[in-house]
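The values are calculated or read from the model by the stated rules, or taken from the named source; none is laboratory data. If you're wondering where the values come from, they're calculated on a predicted model, not measured in any experiment. Cβ coordinates were reconstructed from backbone atoms using ideal geometry, including for glycine residues, and neighbour counts include every protein chain displayed. Just so you know, the surface numbers come from the protein's heavy atoms only, side chains and all, with ligands and any DNA or RNA stripped out. Shrake-Rupley method; radii C 1.70, N 1.55, O 1.52, S 1.80 Å.
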Amino acid sequence: MTTRPARLEVPATRALPALRRPRLPFSPWHLLLVPLALVFAAPLGWLLLSSVMSNAEINRFPPALWPSHVDLAGFRYVLDNALFLRWFTNSLIVSAVTVGSNLLFGALGGYAFARMRFAGSRALLGLMVATMAIPFQLTMIPTFLVMKKLGLIDSLGALIVPSLVTPFAVFLLRQFFLSLPRELEEAAWIDGCSRLRVLFTIVLPLSRPALSTVAVLTFLSTWNDLTWPLIAVNHDTTYTLQLGLTTFQGQHHTNWAAVMAGNVITVLPVLLAFLGAQKTFVRSITTSGLKG
C-alpha cells in the first residue's frame, strides 16, 4: 500500500503595497511650455509697457522695466495723425480682399486638384507646390514690372492683385478635401447637383477648419507685409499701416512712444484673429496631413 507524500504548505506572503508615484496636478509638458510661453510673450509685454512710457523713459539707459507713470502721449500722437485712420483703412481693405479671394480661388483650385483628374494635373500640382520654395526677393522685380504694365503702381490694386491666390491656400485646401469622404459628394451627384453646387453646399461647410486656417494665415501675412508696399506705393494716402508707421522714424530723431503705441494698435487685430480661430487652426493642420 503506497502512501502519498505530504504536501508542504507554504505560508501565504502579504503583497507589499505598490509604491505610487506622486502625480502632478498638470501635465509634465507644462514645465517646458510655460517658460517657453513666457519667453515668447516677453516682447509683447515690453511693447505694451513701452507704449505707455515717455520718450525719456524709453531712451534711458539702463532701460526702465516699468513705467513711472502712465503716459498716453504716444497714443495721442498716433491718433491725432490725420492719415493714421486712412492707413488703417487701407490695410483693412487690402487684407479683407486678399483673404476673400484666397478663400474663393483656393477652394476652387484645391477642389479641382483633389477630385478632378485631367492631363498634367499631378505635374501642375508639383509645379505649383515648388513655387512655394521661391523667395519673394526673386519675384519682386518681375511682379513690379507686371504691375507697372497694368497701371496699378501707387494704388491699392498693386497690393491686392499679386496676392489674389497663393499656392499655400490651394495646397492646404486640397489636402483637406482629400480627407473628406467621397460618398457625400456621390450622393449629391445622384440627386443632380453640379460640381460647383457640391463644392459650395456640401464640401465647403465641412471645411470650416481649413478655411479658417487659410483666412488667418493670409490675414497675418498681408496685414504685416512691409516689403511689397514699400516698393509698390509712393504716395502717403495709399500707405498701409505698416508702411505708415515707418514715418514716425526719422533720420535724426525717432518718436519711440508713437512707434510703440502704433505697433500696439497694429498688433490687436492680428492677435484677435488668431485667438478667435485657434482651435480650428490646430484642427485643420492635423487633419490636412492625413492623405497625400
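Label zone of Leu92 (point 7 Å out along Cα→Cβ, amide N under 15 Å): in the stretch 204-238 this covers 223. Positive end of the dipole of the chain (Cβ unit charges, origin at the Cα centre): among Leu31, Leu271, Leu103, the Cα lying farthest that way belongs to Leu31. Structural descriptor for the chain: relative contact order 29 percent, calculated from alpha carbon pairs under 8 angstrom and at least 6 residues apart. Counting only Cβ charges, +1 for Lys and Arg and -1 for Asp and Glu, the dipole size of the chain around its Cα centre is about 1480 debye.
Most tightly packed first, judged by the mean number of other beta-carbon atoms within 10 Å of their residues, the peptides 186-197, 204-215 read 204-215, 186-197. Screening the chain for whole DSSP H helices with an alpha carbon extent of at least 24 angstrom along the helix axis and a mean Kyte-Doolittle hydropathy of at least -0.5 yields 30-51, 84-115, 256-276. In this structure Val146 has an accessible area near 80 Å², from a 1.4 Å probe over the protein heavy atoms. Computed from the Cβ-Cβ distance with R0 of 35 Å, the FRET efficiency linking Ala187 to Leu272 stands at 0.35.
Please work out whether the chain counts as rounded, prolate or oblate from its C-alpha gyration tensor, where a ≥ b ≥ c are the square roots of the eigenvalues and a/c under 1.5 means rounded, while otherwise a/b larger than b/c means prolate and anything else oblate? Oblate, since a/c reaches 1.5 and b/c is not below a/b. The residues of the stretch 178-270 expose on average 48 square angstrom of accessible surface per residue, using a 1.4 Å probe on protein heavy atoms. Shape analysis of the stretch 109-246 places it in the prolate category; the axes a ≥ b ≥ c from the Cα gyration tensor give an a/c of at least 1.5, with a/b above b/c.
Counting only the Cα atoms, the stretch 150-196 fills a convex hull of 100 Å³ per residue.
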